[in-house]
There are 2 protein chains.
Amino acid sequence: MSAEEQKTQPPPAAAGAADAAPKEPKEPKEVILGEDGKPLSKGELKKRAKEAEKAAKAAERAAKEAEAKAKKEAEEANDLAADNYGKLPLHQSQTRTNTPRLNFTTLIPNSPSANTSTSTEIPSETQKVTLRARLHNVRAQGAKMVFLQLRQQTHTLQGVVGLSKDGEEEVVSKQMIKWVNGVSLESIVLVEGYIKPAEVKSCTIQTYEIQIKKIFTVVEAPQRLPFGVEEASRPEADYEKEDAQFARVGLDTRLDNRVMDLRTPTNQAIFRLQSAVTNLFRTHLNSLGFIEIHSPKLQGAATESGASVFEVNYFKGKAFLAQSPQLAKQMCIAGDMERVYEIAPVFRAEDSNTHRHLCEFTGLDLEMAIEEHYHEVLDVLDSLFLAIFKGLKETYSHEIEAVRKQFPCDEFTFLDETLKLRFAEGIQMLREAGAKNLDGSQLSDSDDLSTENEKWLGRLVKEKYGTDYYILDKFPLAIRPFYTMPDAEDPKLSNSYDFFMRGEEILSGAQRVHDPEYLIQRMKEVGIAPESMQGYIDAFRLGAPPHAGGGIGLERVVMLFLKLGNIRRASLFPRDPKRLNP
Amino acid sequence: MSAEEQKTQPPPAAAGAADAAPKEPKEPKEVILGEDGKPLSKGELKKRAKEAEKAAKAAERAAKEAEAKAKKEAEEANDLAADNYGKLPLHQSQTRTNTPRLNFTTLIPNSPSANTSTSTEIPSETQKVTLRARLHNVRAQGAKMVFLQLRQQTHTLQGVVGLSKDGEEEVVSKQMIKWVNGVSLESIVLVEGYIKPAEVKSCTIQTYEIQIKKIFTVVEAPQRLPFGVEEASRPEADYEKEDAQFARVGLDTRLDNRVMDLRTPTNQAIFRLQSAVTNLFRTHLNSLGFIEIHSPKLQGAATESGASVFEVNYFKGKAFLAQSPQLAKQMCIAGDMERVYEIAPVFRAEDSNTHRHLCEFTGLDLEMAIEEHYHEVLDVLDSLFLAIFKGLKETYSHEIEAVRKQFPCDEFTFLDETLKLRFAEGIQMLREAGAKNLDGSQLSDSDDLSTENEKWLGRLVKEKYGTDYYILDKFPLAIRPFYTMPDAEDPKLSNSYDFFMRGEEILSGAQRVHDPEYLIQRMKEVGIAPESMQGYIDAFRLGAPPHAGGGIGLERVVMLFLKLGNIRRASLFPRDPKRLNP
C-alpha cells in the first residue's frame, strides 16, 4: 500500500475508553493488604479508593454508552427517513429514468454558458428538482437544521436540510441531519428537493435556495484534502494582509494537486476563457477561408535551432519534437492550400524557468499566400485579435469577473483602430524615455528589445495611446530568423512584426523567403549550412507563392488578457524543466 | 551546390558555330606548297578546297545569324508588348495597390467554400480582372495563340493569349506568345485580362474564360517535376487499363513529394473535408456545453501500455509521448470541468505497417460526467457522428465529388436512427454466417473481433440494415482496458462500445471506473501493479463524478467516409515506422 493511500485513510479512531475500562474491583476489606502482604498506608488506601471510584464511573459510562448505542440502533432501525439519505452503491449505470437534472446556470437569467441539454427550466416558483453537485460547505444550526453550499463549477447554491414530516411519514429525520453533517466536503451529492426563491448572501446564486428532501453521496471525498476550494480561491492580496488567518496555497502545491485546484471558480473560468480563445480564433479564420491542418510533431530533423529540441527514440533511429509547425505550414502553402491554421502543441527544450516560458505550450499558427503585400497578413492577424478581445468581453463577462475576484487587474484595453508602430519608432520612444541596452549602451535601431525594455515600451505606449495592445512592424533583419523576407528597399530591415499585450510579445510573424536560391543565400549569410536544412529548402523547389504568417502562444494570450502573472496558471497541466506531472 | 540545384539549372547552351568559324583563308596560288615546302597532291588540294568552301559557308551563316540576332534584338527593343509579360522581381511586398484579385470559386454560383475576402464579384459580362494562379497546362495554336489552363486549388479556368493590338499599341505580341509558351508548368502567374462567358470543356470552369492581356511569372517552377498534377490526379482504375499510356504515381513517390501531391484537386478536397470534420466536431460539442482542452503530450510516466510508447530525452531525465489524452481528460472531469474535448496528436510506437495504422495521428477525444447512465455519452457521440455526416454531405458535396473522381466509391450510408447492436448480437450474426476465430475455433460471446470478422460483420450489417455506420455496445469486460466499468448485472460484460464506419472501428469508448479502490482492484485482477500507475489512481482520490467518453481517429473517419483505402491519404505528412519525412 502506498504512502498516498495511507494518507487518505481516516486516522484510527481513538480507542474507546468504555471498552478499555478495567474490570470492576472486588469489595474492599477492613484491612487492606498490599501485593507484598503488608497493610497499606492511608495515602495508598486513598489512592486505591479513587481508582475504584473511577472504575465505577467508567462502568456506569460504559453502560450508558451501550444503552445509547442500542437506542441509536433502534432509532436507526425505526428511521422513517432512512430511504432519503445515505451512500449510493457504485455508479455502474444501473438504471436510466431520464429524470432531468438541474444545472445551476439556469438559475441565472441570460447566462450565455448555460448547458441546458440535461437541465430543467428556470423555476418561476417552488419546483421539485433533482441535481448533482459538490458539497462545498456545511454549517449546522442546532440538531434540527443544516445549511449546505452546493457547488457546480463557478456557481454555488444554498441547500437547507431541516427536520420535517410529510403527513405521518418522516421526510427529514434527526438521523438524516446528523448524517448530512458528517459528509465530507467535496463529496458529490445527488439531491432532491424544492427550489424556492430566497435571499442568500453566502452563495453566488443569491435569489434561490433548495429545500432538500433527499440527499445521497454518489462519490465520497476523503476527510483530509490537500487544500480546500475556498482557501484556494482567495484573492492573492488577502495573503498579504497582516491579520491573515490562513496560509497561502502556493503555486507548486496547486499544480501538484491540480485536480483540486481546477475546481476553484477562478480556474473553471480561466479554462473556459482559454477554450473561448481557440473557438474565436477558428471562427474568425474560417470566415476568411482558412482551413485547419494537423502537421506531425515527430520530425526527421530538428527545425529552426537544434539547441532547444527534444530528441525522441523512434524505432531504431531518432526523431525530434516540432518546435513549431513552421515548415509544415509553409509546405501547405507550397502545396496550394492558400490559407491554413493549426492549433497544436509546440515543444521547446529550453531550460528557462521564467513566468512566461513552458516546455510545451499550445501554438495558434497561421500561414497564408499573399497577393501584393505582407500587410495583408498583418491585417488578418489584427482583425483576428480584435475578434478575440471583443468576443471575450461580449460573451464571457461572467468568467472574466470570476477570475478578477482572485486576480484583480485593470480591464484590458484596445483601440478601435490598432496602433501600428515601426520598430524604429518604438526604439525612439524608449530612447526619449531614457532606456538603455542591458550593457548600458545607447539603444540603436538595430538592437533587439530586452524583456525589460519591451515592458517599458508597453508602459510608454499605454501612457501615450491608452492601449494594452499594439503592433511593432519592420524589425531589423539581423534579429529575425533567416527565413524572414528582407525589406525591398532597406536591406537592414525585414518584413516582420510582433504583436504585444500588456507589454509582452504574444505573436511573432513575417513574410517568408519563398525562393529556394535566395533562402540558401540567406542561410549562408547567417552562417547556417544549407545542407543541414535540405528538407526545408526542398519544400520551395517546386514553387511556393509569396506568403507570410505568424504564431501565437495560447497560454500567453490568456495570461496577459487576465493578467495572471504566471503562464502556468493558464496551462491545464504545465510542463517546465522541473515539472512533468501530473 | 546540391544535386537538386544542379538539376534545375538549364543545360549549357550549344556553343555558337559562327563564333568558332576559322578565319577566311588566303587567295590560293597556282602551285600550292604544303607545310613542308613540297607541292600538294591533288587529293590534298581537293580536301583544302572543301575546307575553304566550308569556311566560307560558315562565315556566311555567321553573318546571317548575327543579322538575325541584331534584328531580334531590334524587334525586342521595339516589342511594344514588352511591359505586358516577363518574370517579376522577387516579391518583397514592394507595393500595395489593393487591386482585387479574382478567386475562381466566385465564378461558380452558390459555391459554399468561396473565399471572398480578396476577390472580385462574379462577372455578369466581360470584366477586367487580375488573378494569381498556377500554370496547369499550355497548348499553342500556331504562333498567334496560346491556350492556358490556370489552376486555383480544385478549379481550372481557360486562359487565352492571342495576338492583339489596342489601337496603335501592341498588347499581345509574337514575342509575348513565344514567351508564354516557354513558361514551365506549375509556375505561379499573375494575369490581367478580361473574363468573358465562353463554353469550355477542358476546364472545371466551363462557362467562362479569360482573355489575357498581361501575364507575369511570380514564381517559376523547375522544368523537371517529380510528376505532374494531372497524372497524379488520375483515377486509380485508369492505371489498370491495358492500354494505359502512363505510369502510376505510387503512394511513396507521392508522399516523398507531398508538396506536389497536395496540389491535386483530390488532395485539396481531402484536406478541406478533414478540416470540415474537426469544425463539425467542435461546433456540435460546443452546442452541448463542452469546452476544449489542451493536455500535455509530454508525460512523466507511460500511460496505458508501456510497450508502444515513444521515449523522449527530457533535460536530465526521461519523458514519454502521450498515447492518448485518457488520463488528462479524466482529470479534468475530476476537476469539475464536466464536459471536455480535445483535438490533438496521439503517438503510438507500434511497429505496424498496415493500411490503417499511423505512429502519429489526430485524436478527437471527449469525456463527460454522466448523470444516470453511460448511454447519455453514447447518445452524444451518436448525435456527433450524425452531425458530421450530414454536415459533410450538405456543405461539401463539391469536395466529395472531387475525391470520387480519383477514388470512386459507393456513397456513405447511415440511418436516421442509428443501429445499435449488443456485442453478443454481432457475434451471433457472424456465427450464423459461418465466421470462425483466426485459429478456426467457434466464435464465443467473449472473443475479440479479428479485423477480418470486424469487416465481415460490417458487410452483414450493410446487407441486413442498409447502413455503413453502426454501434456495438456492451463489449466483454475481458477484452477492454482495466479502467472500463463492468456491467452492473453481468460481471463478464462492460459498459463499453465501439463505433464502426464501412466495417472498421473508428471510435472506442466506455464508462470509466471512477472509484480509486475499485480501480486498484481491477488493476490487480488484470495483473497490473497499482504502484506502476499511481498518478492515474491519485487523480480519483479527490472524488471524480461517474463519467464516460471516447476517442476518434480523425484520419480514419476521413479515410472511411471517402473510402481512400489507405490512412496515409488522409494524413498531410504521415508518420509510420518507415517514414519521418517530409
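All of the numbers you see were taken from the coordinates with simple rules; none came from a lab. These numbers come from a predicted model, not from an experiment. Glycine also receives a Cβ, built like all others from the backbone with ideal geometry; neighbour counts cover every protein chain displayed.
Using θ = phi - 60° and the Karplus form 6.51 cos²θ - 1.76 cosθ + 1.60, what ³J(HN,Hα) does each residue of segment A:357-363 get, whole Hz, x for Gly and Pro?
Rounded to whole hertz, the list is 10, 10, 7, 9, 9, 9, x.
Averaged across orientations, what area in nm² does the convex hull of the alpha carbons in segment A:124-261 project? Spell out each step's value before the answer.
Working: hull surface 39.4 nm².
Directional mean of the projected Cα hull area for segment A:124-261 stands at 9.9 nm².
Please give the calculated 222 nm ellipticity per residue for chain A, where each DSSP H segment of at least 4 residues contributes -39500 (n - 2.57) and the sum is spread over every residue; nearest 500 deg cm²/dmol? Before the final figure, lay out the partial values.
Values: 16 runs with 186 residues, N = 582.
For chain A, the value works out to -10000 deg cm²/dmol.
Taking every residue in B:320-328, how many Cβ atoms of other protein chains lie within 10 Å of its Cβ, on average? Write out the running numbers ahead of the final one.
Details: counts 2, 7, 1, 0, 0, 0, 0, 2, 4.
Counting Cβ atoms of other protein chains within 10 Å of each residue's Cβ and averaging gives 2.
Ranked by Cβ crowding within 10 angstrom, fewest neighbours first, how are B:TYR374, A:TYR469, B:TYR314 ordered? It would help to have the intermediate numbers written out before the result.
Values: B:TYR374 27, A:TYR469 24, B:TYR314 19.
Lowest count first: B:TYR314, A:TYR469, B:TYR374.
State, to one decimal in nm and shortest first, how far the label point of A:GLY43 sits from each corresponding label point in the other identical copies (label point: 7 angstrom along Cα-to-Cβ).
Result for A:GLY43, in nm, nearest copy first: 15.6.
Fully extended, how many nm does the chain gain between B:LYS165 and B:THR283 (0.36 nm per residue separation, minus their Cα-Cα distance)?
On the way: separation 118, 0.36 × 118 = 42.48 nm, distance 5.47 nm.
Stretched out fully, the B:LYS165 to B:THR283 stretch lengthens by 37.0 nm.
In whole Å, what are the extents of segment B:263-364 along the principal axes defined by its C-alpha atoms, from largest to smallest?
Cα spread of segment B:263-364 along its principal axes, largest to smallest: 45, 39, 24 Å.
Between B:LYS241 and A:ARG48, how many nm apart are label points set 7 Å from Cα along the C-beta direction?
The answer from the label model is 12.1 nm.
Taking the Cβ of B:PHE423 as the centre, find all other residues whose Cβ is under 14 Å away and add up their charges (Lys, Arg: +1; Asp, Glu: -1). Intermediate results must be reported in sequence, preceding the final value.
Numbers: positive: B:LYS420, B:ARG422, B:ARG431, B:LYS474, B:ARG480, B:LYS492; negative: B:GLU425, B:ASP445, B:ASP447, B:ASP448, B:GLU454, B:ASP473, B:ASP487, B:ASP490, B:ASP498, B:GLU505.
Local charge sum for B:PHE423: -4.
When the gyration tensor of chain B is built from Cα positions, what are the square roots of 5 times its three eigenvalues, in whole Å, from largest to smallest?
67, 30, 23
Set the Förster distance to 45 Å, then compute FRET efficiency between A:LEU419 and A:LEU251 from the Cβ-Cβ distance, nearest 0.05.
Step by step, r from the Cβ atoms, then E = 0.85.
When chain A is turned about an axis onto chain B, which of its residues keeps its C-beta closest to that axis, and how many Å is it?
Per the A/B rotation axis, the closest residue of A reads A:VAL312, 3.
Once the label point is set 7 Å along the Cα-to-beta-carbon vector, what list of distances in nm do you get between A:LYS174 and its counterparts in the other copies?
Computed spacing set for this position: 11.7 nm.
I need two numbers for segment A:265-570: Rg to one decimal and Dmax as a whole number, Cα atoms only, in Å.
Here Rg and the maximum Cα pair distance are 19.4, 59 Å.
How big is the shadow of the Cα convex hull of segment B:249-319, averaged over all directions, in nm²? Mind showing how you got there, number by number?
Working: hull surface 34.2 nm².
Its Cα hull, projected and averaged over all orientations, spans 8.6 nm².
Once you wrap a convex hull around the alpha carbon atoms of segment B:323-405, what is its projected area averaged over all directions, in nm²? Kindly include the intermediate steps, with their values, before the conclusion.
On the way: hull surface 31.0 nm².
Orientation-averaged projected area of the Cα hull: 7.7 nm².
Arrange B:ASP439, B:ASP351, B:ASP468, A:ASP538 by Cβ neighbour counts within 10 Å, fewest through most, would you? Numbers along the way, then the final one.
Values: B:ASP439 5, B:ASP351 13, B:ASP468 22, A:ASP538 18.
With the sparsest Cβ surroundings first, the list reads B:ASP439, B:ASP351, A:ASP538, B:ASP468.
Let me check against my output: what whole-number percent is the relative contact order of chain A, with C-alpha pairs under 8 Å and at least 6 apart? Please report the intermediate quantities before stating the final value.
On the way: 963 pairs, mean separation 61.5, N = 582.
About 11 percent, as a whole number.
Could you please report the charge total around A:THR266, scoring K, R as +1 and D, E as -1 over all other residues with beta-carbon less than 15 angstrom from its beta-carbon?
Values: positive: A:ARG151, A:ARG234, A:ARG248, A:ARG254, A:ARG258, A:ARG263, A:ARG272, A:ARG404, A:LYS405, A:LYS563, A:ARG568, A:ARG569; negative: A:GLU230, A:GLU231, A:GLU236, A:ASP238, A:ASP261, A:GLU399, A:GLU401, B:ASP336.
In short, +4.
Given H placed on each backbone N at 1.01 Å, which residues far from B:ASP576 in sequence or on other chains put an amide H within less than 5 Å of it?
B:CYS359
What are the equivalent ellipsoid semi-axes of segment A:435-582, built from the alpha-carbon gyration tensor (square roots of five times its eigenvalues), in whole angstrom, biggest first? Could the numbers behind the result be given before it?
Working: eigenvalues 185, 99, 47 Å².
Calculated on Cα positions only, the semi-axes equal 30, 22, 15 Å.
Can you compute the equivalent ellipsoid semi-axes for segment B:220-287, i.e. the square root of 5 times each eigenvalue of the Cα gyration tensor, sorted largest first and rounded to whole Å? The partial results should precede the final answer.
Values: eigenvalues 195, 52, 16 Å².
The answer is 31, 16, 9 Å, longest axis first.
Assuming 0.36 nm per residue, please report the length gained on full extension of the stretch B:LYS436 to B:SER202 beyond their Cα-Cα distance.
Numbers: separation 234, 0.36 × 234 = 84.24 nm, distance 5.22 nm.
Value of the extension gain: 79.0 nm.
State, to one decimal in nm, how far the label point of A:ASN313 lies from the label point of A:LYS174, with both points 7 Å from Cα in the Cβ direction.
6.7
Which net charge results for the neighbourhood of B:VAL146, defined as the other residues with beta-carbon distances under 10 angstrom from its beta-carbon, given Lys and Arg at +1 and Asp and Glu at -1? Could the numbers behind the result be given before it?
Details: positive: B:ARG139, B:LYS144, B:LYS178; negative: none.
So the environment of B:VAL146 carries a net charge of +3.
So what does the Cα-only Debye profile of the protein assembly as shown read at q = 0.05, 0.06, 0.07 Å⁻¹, as log10 I(q)/I(0), no solvent term?
-0.45, -0.62, -0.79
Ranking A:TYR194, B:TYR470 by Cβ neighbours within 10 Å, fewest first, what do you get?
Numbers: A:TYR194 16, B:TYR470 23.
Ascending Cβ contact count within 10 Å gives the list A:TYR194, B:TYR470.
To one decimal in nm, how far is A:LYS578 from the same spot in the other copies, if labels go 7 Å from Cα toward Cβ? Please give the shortest first.
Ordered by increasing distance: 4.7 nm.
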